[in-house]
Amino acid sequence: MKSWGEPTPQGTQNPGPGLFNTPHSIAADAKGNIYVADRGNRRIQVFDSDGKFLHEIKIDVPVPPDAKPWFGNQPGAQAAVAQSGAPWAICITPGPNQVLYSSDAFPGRVYKVSLDGKLLGVLGKSGRQPKQFGWIHEIACPSENEIYVAEILNWRVQKLVLRPNSQTRTSTSSNK
């Protein structure tokens, strides 16, 4: 048995490795590396199976000017940036070509990322319609182009079949 990490001290601007603020999801790759969705610090920390820090992944995608929250007041520019890309749920596909999926609450997107942190794709926005999301709290990714997202605000699971070479990038969505 092992454990590692400590809470991020309040007011810390650039927390170091192993400091966590709302660790919200966890996944492992085929090599046994552990990916921790460090939501409050807006990053995914990657460790080997013994807890040695390897690297971090930050998802920095501009917030669309027309982005709206699922409910509540429109966040100010600084709050919007602080929420964008903050990982609420993560999953890693099975091999041989593993990728990571991550979600945020605002602006309500799913991100496809290589295991070394390169952004491969973005889809969705906050809302109630198919391919819109209300606080994704879990993602399952049985393959690179099929994901399931569980949302707490919409009380549903959506199945998304991705078609990376198509214009829409997302071809089906289901509330079943």
Restricting to segment 57-71, name every residue that is in a loop (DSSP other than H, G, I, E, B) and within 12 Å of Val113 (Cβ to Cβ).
Lys58, Ile59, Asp60, Val61
Segment 28-37, residues that are out of contact with any Pro (no Cβ under 6 Å at 6 or more places or on another chain) and either crowded, with 22+ Cβ neighbours inside 10 Å or assigned to a loop (DSSP other than H, G, I, E, B) (or both):
Asp29, Ala30, Lys31, Gly32, Asn33, Tyr35
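So, Leu54, is that one assigned to a strand (DSSP E or B), modelled with pLDDT of 95 or more and more than 16 Å from the chain's Cα centre (by Cα) or not?
Values: assigned to a strand (DSSP E or B): yes; modelled with pLDDT of 95 or more: yes; more than 16 Å from the chain's Cα centre (by Cα): yes.
When the stated conditions are applied, Leu54 passes them.
Does Phe20 satisfy the condition of being in contact with a Gly (Cβ under 7 Å, 6 or more places away or on another chain), within 27 Å of Ala150 (Cα to Cα) and free of Cβ contacts under 8 Å to residues at least 40 places away in the same chain?
Numbers: in contact with a Gly (Cβ under 7 Å, 6 or more places away or on another chain): yes; within 27 Å of Ala150 (Cα to Cα): yes; free of Cβ contacts under 8 Å to residues at least 40 places away in the same chain: yes.
Taking the combined requirement at face value, the residue satisfies it.
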Taking segment 38-49 as the search range and keeping residues that are open to solvent by less than 60 Å² (accessible area, probe 1.4 Å) and farther than 18 Å from Ser103 by Cβ, which one is nearest to the chain's Cα centre (by Cα)?
Phe47
Mind listing whichever residues of segment 1-18 are of a type in the set (Ser, Thr, Tyr) and either farther than 12 Å from Phe47 by Cα or in contact with a helix residue (DSSP H, G or I) (Cβ under 7 Å, 6 or more places away or on another chain) (or both)?
Thr8, Thr12
Could you please tell me which pairs satisfy a Cβ distance under 9 Å, a separation of 6+ or placement on different chains, a first residue in segment 50-77 that is open to solvent by less than 80 Å² (accessible area, probe 1.4 Å), and a second residue that is modelled with pLDDT under 95 and of a type in the set (Lys, Arg)?
Gly51/Lys2
Name the residues in segment 1-16 that are surrounded by fewer than 17 Cβ atoms within 10 Å (Cβ to Cβ) and either at pLDDT 95 or above or of a type outside the set (Ser, Thr, Tyr) (or both), would you?
Met1, Lys2, Trp4, Gly5, Glu6, Pro7, Pro9, Gln10, Gly11, Gln13, Asn14, Gly16
Would you confirm whether any residue within segment 76-83 is at pLDDT below 95, under 24 Å from Trp135 (Cα atoms) and in a loop (DSSP other than H, G, I, E, B)?
yes
Identify the single condition in (1) touching a Leu at 6+ places or on another chain (Cβ under 7 Å); (2) not in a strand (DSSP E or B) that Ile90 does not satisfy, given that it satisfies every other one.
(2)
Kindly indicate whether Ile44 is touching a Phe, Trp or Tyr at 6+ places or on another chain (Cβ under 7 Å), at pLDDT 95 or above, not in a loop (DSSP other than H, G, I, E, B) and not basic (Lys, Arg).
yes
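The values are calculated or read from the model by the stated rules, or taken from the named source; none is laboratory data. Just so we're clear, the structure is a prediction, and the values are computed from it rather than from any experiment. Cβ sites come from the backbone with ideal geometry, for glycine too, and all protein chains shown count toward neighbours. In case anyone asks, the SASA skips ligands and DNA or RNA and just uses the protein heavy atoms, side chains included. Shrake-Rupley method; radii C 1.70, N 1.55, O 1.52, S 1.80 Å.
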